[in-house]
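S.K.: First, the structure itself, so that you have it in front of you.
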Amino acid sequence: MTYLKLLTTFTLIFSSLGLADVGAEEVRFKMGWNYKNFPFAVKLYEVPPTSPLWSMASVKSLPKELILKEIPDNLLIAHKGRRNKFALVIHNTSNQVQYFFASPHSAEPAEHSIGFKYNCLCMNHSFKIQPNSYWYRTVELRVSNKYEAPPKSKPLEITHDIIGLDVAKGKLLQDTKLPESEK
């Protein structure tokens, strides 16, 4: 089989599965946050495409080679058929350690909530931010080529509740393990 035929075959297979980067059509996602007992804001930042998923740290200043520029208004321009990586960043301006967790996200309008996978924060884990530090985590939004976006005038809104925890509860929940599934 020639290289061109092989490339065409793989492109057709990946396209039919919604995995190919054919055309890379842009779609908009508005990331929203409801805060409960948590005084700081979550912001989105661009990251290099090679950034490892789930990389996370609490640092005194953001590493310029890993955390690039802020994404205005938490409005992510994603591309169909791609793994769209970005960082969630929180700046703890207090003199105390902060713990938080994220409840499972919701999407609105719900009829447009199929066709993407958001590897985000809602994963049964509490997170810790050191005093006077930045916390970041690289996350990913995978969008199928078959994803049907809302009309251009309104992006899909994905919302998490960010819940602050006291130190004792935050420490307790940092290593929460779910029971293994029955076999």
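S.K.: Condition test on ARG137, is it of a type outside the set (S, T, N, Q), more than 19 Å from GLU70 (Cβ to Cβ) and either in contact with a strand residue (DSSP E or B) (Cβ under 9 Å, 6 or more places away or on another chain) or exposed (fewer than 15 other Cβ atoms within 10 Å of the Cβ) (or both)?
M.R.: Working: of a type outside the set (S, T, N, Q): yes; more than 19 Å from GLU70 (Cβ to Cβ): no; either in contact with a strand residue (DSSP E or B) (Cβ under 9 Å, 6 or more places away or on another chain) or exposed (fewer than 15 other Cβ atoms within 10 Å of the Cβ) (or both): yes.
No.
S.K.: Based on what the data block shows, is ALA107 small (Gly, Ala, Ser), buried (at least 19 other Cβ atoms within 10 Å of the Cβ) and part of a strand (DSSP E or B)?
M.R.: Judged against the criteria, ALA107 is not a match.
S.K.: Among (1) free of Cβ contacts under 8 Å to residues at least 40 places away in the same chain; (2) touching a Pro at 6+ places or on another chain (Cβ under 8 Å), there is one condition SER94 misses while meeting the rest; what is its number?
M.R.: Result: SER94 passes all but (1).
S.K.: Provide a single number: the residues in region 33-55 that are surrounded by 15 or more Cβ atoms within 10 Å (Cβ to Cβ) and either in contact with a helix residue (DSSP H, G or I) (Cβ under 8 Å, 6 or more places away or on another chain) or of a type in the set (A, V, I, L, M, F, W, C) (or both).
M.R.: Going through region 33-55 one residue at a time, the tally reaches 7.
S.K.: For region 79-86, state whether one or more residues are assigned to a loop (DSSP other than H, G, I, E, B), modelled with pLDDT of 95 or more and touching a Leu at 6+ places or on another chain (Cβ under 7 Å).
M.R.: no
S.K.: Of the residues that sit in region 121-156 and are of a type in the set (Lys, Arg) and assigned to a loop (DSSP other than H, G, I, E, B), which one is farthest from SER94 (Cα to Cα)?
M.R.: Among them, the one singled out is LYS146.
The values are calculated or read from the model by the stated rules, or taken from the named source; none is laboratory data. All values derive from a computational prediction rather than experimental measurement. Note that each Cβ is placed from the backbone with ideal geometry, even for glycine, and that neighbours are counted across all protein chains shown.
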